[in-house]
Amino acid sequence: MRKLFISLLLLASCTLSAQKYKPTWESLAAHNEIPEWFKDVKFGIYLHWGVYSVPEHTTEWYPRYMYFKWHEVADFHEKNYGKKEYHELVPLFTAEKFDAAEWAALFKKAGARFAGLVTEHHDGFSMWDSECTPWNAADMGPKKDIVGLLEKSIKGQGMKFITTFHHARNFQRYSDPETMNEELTKDYTGHERHRFYDSHFPYYPNTAPSSDDKKLQYMYGNMPAKKWYEEVWFAKLKEVIDKYDPDIIYFDSWLDLIPEEYRQKFCAYYLNKADERKKEVLILRKQNDLPLSVSVENLENSRKDELHPVTWQTEQTISYDSWSYTKDFKIKTARHLIHEMIDIVSKNGIFLLNISPKANGIIPDDQRKVLLDIGEWLGKYGEAIYGTRPWYTFGEGPTKQPKGSIKFRAEFDKLQYTPQDYRFTTKGNNVYILTLGEPQPGTAIKIDAFAKSRIPGGKRIKKVSMLGTSAKVNWTHTDQGLRLSVPNAKYDIATVYKVEF
């Protein structure tokens, strides 16, 4: 028996030492944090969908707001659901019309090269068949392994698979009564930033989020810290990695509240598992929660205002307000989103678009139309998007975007580009000029960025054509720039010139 124990100990030691990555930032930095495939994909789709979709009211933060007596959501909830706690809405999340294969086919038609879903939001409900928590989609609500079905269908369409985790905020950090006396403050929108801000569920006595019921603790995060970090936060990540092999794992904000040792432990586990599977994976994060030596920067509802030397990502939602479906949903046009995608790609970015299905699993027709319109445009002009890299400058034109982050979401959403706004991408010996609008046939445009003295390497232009039409493009190239004729043709959303050197 003693010999067997020693043999097992040695085997475990050898396995551990054989792992490529150790849970230190120095060791983890050895991995390629931005695989070439991610630089190529440019466009992805994911979705906010869960128990919070049931009320079709306010936002995906409904489960938080319903516990604040001063919030209008509390009034709405009482009128519609009486005294039900949030977990009592789970049976209403039936997803009876969910069709993973049909969703994946739609994402493919929309032109996405990677797709997935919010694997778990702040609310403690896991969208996969989990052994870590009883509150999961396979055992309750839909009674389907949502993540498993989507993973199979999305990969089956040749797309990369993304899983997003927002559960760092689920832990109940306010069980100490003294924290209940903190004063209210204002957030950047002028709304009350409540004293329980760093936990999704507020801590009020005699409510489910403060319950010491062992089962409810797994929904509301009210348990000892070490137990939650190990058996909930890390265990759920490990389970999804093991079972569904995601190509991308994304983290929402509040990851900085997770102890560094657990963040390092996750990174090492994910990267070692990828190494074992002989694949390159990607970690996305917001804020400064993980070093960029191991992860990629993600911006929410905002974007860079200049060409950035390192690949980054913007996540944007199809709605002007909520990320989950609501009855008063107002969505953006395909034109708006395509222009945003072009701007992002020209600055070395990747565009991740969120959509919002109904609780029953239907993706509404107006959202479908936007996705298909994006796909139709990419079908014609995707040559100027997929697999491209930024040129020496991202573009030129009169429209200026705000400097800053999500704080300026409203200003970003109001941006209206003109046909005089140009963006550039490059692939091989070609540079693509994408005009953010429909130029008038018979007119001419002049682009200063192509002035002979500015072009890297002193290259000469061989040919200029326009994607999507065989109409001839007349052009002249001088020290002042490139002058192009606008042929008689039909233009839609964004026109693309192809400049061959």
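The values are calculated or read from the model by the stated rules, or taken from the named source; none is laboratory data. The structure displayed is predicted, hence computed values, not measured ones. Quick reminder, even Gly has a Cβ in these numbers, built from the backbone with ideal geometry, and neighbours come from all protein chains shown. Quick note on the areas: whole protein, heavy atoms, side chains included, nothing else; ligands and nucleic acids left out. Shrake-Rupley method; radii C 1.70, N 1.55, O 1.52, S 1.80 Å.
Given Cβ point charges of +1 (Lys, Arg) and -1 (Asp, Glu) and nothing else, what value in debye, to the nearest 20, does the dipole of the chain about its Cα centre take? Display every interim value, and only then the final one.
Details: 70 positive and 67 negative charges, 413 e Å.
Value, rounded to 20: 1980 debye.
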Check: If you find the alpha carbon centre of segment 419-454 and of segment 310-367, how far apart are they in angstrom?
Finding: 26 Å
Checklist line | GLU500 paired with LYS332, simple spin-label distance in nm, labels 7 Å along Cα-to-beta-carbon | finding: 3.4 nm
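What does the helix-only formula give at 222 nm for the chain: each DSSP H stretch with n ≥ 4 adding -39500 (n - 2.57), the total divided by the residues, and the result rounded to the nearest 500 deg cm²/dmol?
On the way: 14 runs with 136 residues, N = 501.
Helix-only estimate at 222 nm: -8000 deg cm²/dmol.
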Next item on the list: Working from Cα positions, state the angle (0 to 90°, nearest 10) between the long axis of helix 146-156 and the longest principal axis of the chain.
Entry: 30 degrees
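Filter the cross-link list LYS155/LYS304; LYS304/LYS380; LYS20/LYS279; LYS160/LYS279 down to pairs whose alpha-carbon distance in this structure exceeds 23 Å. Please report the intermediate quantities before stating the final value.
Numbers: LYS155/LYS304 30 Å; LYS304/LYS380 26 Å; LYS20/LYS279 13 Å; LYS160/LYS279 12 Å.
Pairs exceeding the cut-off: LYS155/LYS304; LYS304/LYS380.
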Checklist line | Set of aspartates and glutamates with alpha-carbon distance to LYS214 below 18 Å, sequence-local pairs under 8 removed | finding: GLU85, GLU88, ASP123, GLU131, ASP139, GLU230, GLU231
Notebook entry, point to check: Taking Cα atoms, how many degrees apart are the long axis of helix 100-109 and the longest axis of the chain, rounded to 10 and kept between 0 and 90?
Noted result: 20 degrees
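Which of the peptides 448-455, 111-118, 428-435, 299-306 is most tightly packed, and how do the rest follow, judged by the mean count of other Cβ atoms within 10 Å per residue? Write out the running numbers ahead of the final one.
On the way: 448-455: 15.1, 111-118: 25.6, 428-435: 20.1, 299-306: 17.6.
The peptides rank, most packed first, as 111-118, 428-435, 299-306, 448-455.
Taking only protein heavy atoms and a 1.4 Å probe, what accessible area per residue, in Å², does the chain have with all protein chains in place? Could you put the intermediate results ahead of the total?
Details: 21430 Å² over 501 residues.
Averaged over the residues of the chain, the accessible area is 43 Å².
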Item checked: Helix 365-381 axis, angle to the chain major axis (alpha carbon atoms, nearest 10°) -> 40 degrees
Next item on the list: Mark the label point 7 Å from the Cα of ASP366 along Cα→Cβ and return the residues of segment 55-76 whose backbone N is within less than 20 Å of it.
Entry: 55-61
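How do 383-396, 142-155, 469-482 rank on mean C-beta neighbours within 10 Å, highest first? Working shown, then result.
Values: 383-396: 19.2, 142-155: 21.0, 469-482: 14.1.
Per-residue mean Cβ counts within 10 Å order the peptides as 142-155, 383-396, 469-482.
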Margin query: Show me the ranking of peptides 75-82, 253-260 by mean Cβ neighbours inside 10 Å, starting with the highest.
Written below: 253-260, 75-82
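Translational D (Stokes-Einstein, µm²/s) of the chain at 20 °C and 1.002 mPa s when Rh comes from the Kirkwood sum over C-alpha pairs? Can you show the working numbers first?
Details: Rh = 24.5 Å.
D, rounded to a whole number, is 87 µm²/s.
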Check: Farthest toward the dipole's positive end in segment 410-488, which of TRP475, TYR417, THR443, given Cβ charges of +1 (Lys, Arg) and -1 (Asp, Glu) about the Cα centre?
Finding: TRP475
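Quick check on my link table: of LYS427/LYS462; LYS79/LYS330; LYS238/LYS286; LYS42/LYS273, which ones sit more than 22 Å apart, alpha carbon to alpha carbon?
Details: LYS427/LYS462 15 Å; LYS79/LYS330 24 Å; LYS238/LYS286 20 Å; LYS42/LYS273 25 Å.
Too far apart for the 22 Å limit: LYS79/LYS330; LYS42/LYS273.
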Notebook entry, point to check: Cross-link list LYS152/LYS332; LYS144/LYS215; LYS97/LYS490; LYS403/LYS459: which exceed 27 angstrom alpha carbon to alpha carbon?
Noted result: LYS152/LYS332; LYS97/LYS490; LYS403/LYS459
Notebook entry, point to check: Between ASN136, MET66, GLY375, whose Cα lies farthest towards the positive end of the dipole of the chain when Lys and Arg beta carbons carry +1 and Asp and Glu beta carbons carry -1, centred on the Cα centre?
Noted result: GLY375
Notebook entry, point to check: When the label point is put 7 Å from the Cα of LYS214 along its Cα-to-beta-carbon vector, which residues of segment 228-242 have a backbone N closer than 18 Å?
Noted result: 228-232
Next item on the list: Please report, as a whole percent, how much of the solvent-accessible surface of the chain comes from carbon and sulfur atoms (probe radius 1.4 Å).
Entry: 51 percent
